[in-house]
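These notes are about the structure you will find just below.
Coordinate-derived values only; no laboratory data. Keep in mind the model is a prediction, meaning the values are calculated, not measured. Here Cβ is always computed from backbone atoms with ideal geometry, including for glycine, and neighbour counts include all displayed protein chains.
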């Protein structure tokens, strides 16, 4: 079977290029029959040219891809598909499946009428196998990481459980001692007892924070649309309930929409807003402003306070666990709050940036994935 492809001498050069190509090449007529195949095609599928020329392409196509191939052929001929670049399955002569990257173009005459299809087929079996191996390794690493995080969570829970019991005893009996022996204790004794109770309270707070850090690192995420404005209002109400006597002015912009895990994002906001609350200027009302705007696919959220601030020379320590920029007398805690917040932001493929000035307050900028434009919160 023959077909005038191009005028001489282009015809000879075209066939020489086909024969020399290391990629399977073929010519297919408008009825979907093989017209000509090159040696690389023969090696790729195990057929000689004489065995396939004149036969329909479906004879070499995987049964599950025959209908798709028919639709591709129709679209290429009628022009609805300008050029095809797709993965397809074929059958080797021995029956095994051959995955190929198929590039198909329709050759047309000067008047635009289709004449034949030029097909290039590249064997991608090795690439797919490498992809599958890589996916398998990634899945294995993910499973190992999940198991490691689970073990870490179990360890943290066990340690916290075993330590809480003696801490409760220390707190309880030291409280009883302070009540029953108050008149028999001098100022030094009462000071020592107060220090014991304060140390036990700090230890309890540290255990709570370690548990939250473990949750922030390993808790399973359930992503969905989240209104960070509502969460900020929620956290604000909790802060005011804890210290109802303290004056506070907290302004929250409504409908700050992002995509993420609501429980973890609330925990992140609690850490940041509690930080702003406790470092308010002594003797002044707490002032916190929560605002934000969408920038492309990001929600850029800002938490601004008017508190004591911190020295930006030490900002590199800000999100590291157990690093404190303020001492206990200034309200400094266990040094885990901002580390927890940053860990949660990173798990959402976001980040937290900080800026501050001593005695002028601090600003924390949170970048999170914005909610999809077509999603609505009800």
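Please give the calculated 222 nm ellipticity per residue for the chain, where each DSSP H segment of at least 4 residues contributes -39500 (n - 2.57) and the sum is spread over every residue; nearest 500 deg cm²/dmol?
Numbers: 9 runs with 166 residues, N = 378.
For the chain, the value works out to -15000 deg cm²/dmol.
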| request: Give the label of the value calculated from the structure for mean projected area of the Cα convex hull in nm², choosing from (1) 22.3; (2) 30.5; (3) 20.2. | output: (2)
| query | Which of 144, 276, 194 moves most in a GNM of the chain, Cα contacts under 10 Å? | reply | 194
| message | I'd like the orientation of helix 10-20 relative to the chain: the angle between its Cα long axis and the longest Cα principal axis, in ° from 0 to 90, rounded to 10. | response | 60 degrees
| task | Treating the Cα atoms of segment 10-123 as identical point scatterers in vacuum, please give the log10 of the normalised Debye intensity I(q)/I(0) at q = 0.12, 0.15 Å⁻¹, two decimals. | result | -0.38, -0.61
| Separation between Cα centres of segment 69-119 and segment 190-259, rounded to whole Å | 60 Å
| said: 7 Å from Cα along Cα→Cβ at both residue 109 and residue 358: what's the point-to-point distance in nm? | reply: 8.8 nm
| task | Any chance you could give the angle, 0 to 90 degrees and rounded to 10, that helix 337-347 forms with the longest Cα principal axis of the chain? | result | 10 degrees
| note | For the chain, longest principal axis from Cα atoms; helix 66-78 axis from its Cα atoms; angle between them, nearest 10 degrees, is 70 degrees
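Kirkwood hydrodynamic radius, computed over distinct alpha-carbon pairs, for segment 125-220: how many Å, to one decimal? Mind dumping the intermediate values first?
On the way: mean 1/r = 0.0587 Å⁻¹.
Over segment 125-220, the inverse of the mean reciprocal pair distance is 17.0 Å.
How much of the DSSP beta bridge set in the chain is antiparallel, as a percent to the nearest 5?
Antiparallel: roughly 90 percent of the beta bridges in the chain.
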| request: For the chain, with a Gaussian network of springs between Cα atoms less than 10 Å apart, report the residue from 268, 115, 221 with the top mean-square fluctuation. | output: 115
| request: Report the residue, chosen from 336, 257, 163, that carries the largest GNM mean-square fluctuation when the chain is represented by alpha-carbon nodes joined by springs under 10 Å. | output: 163
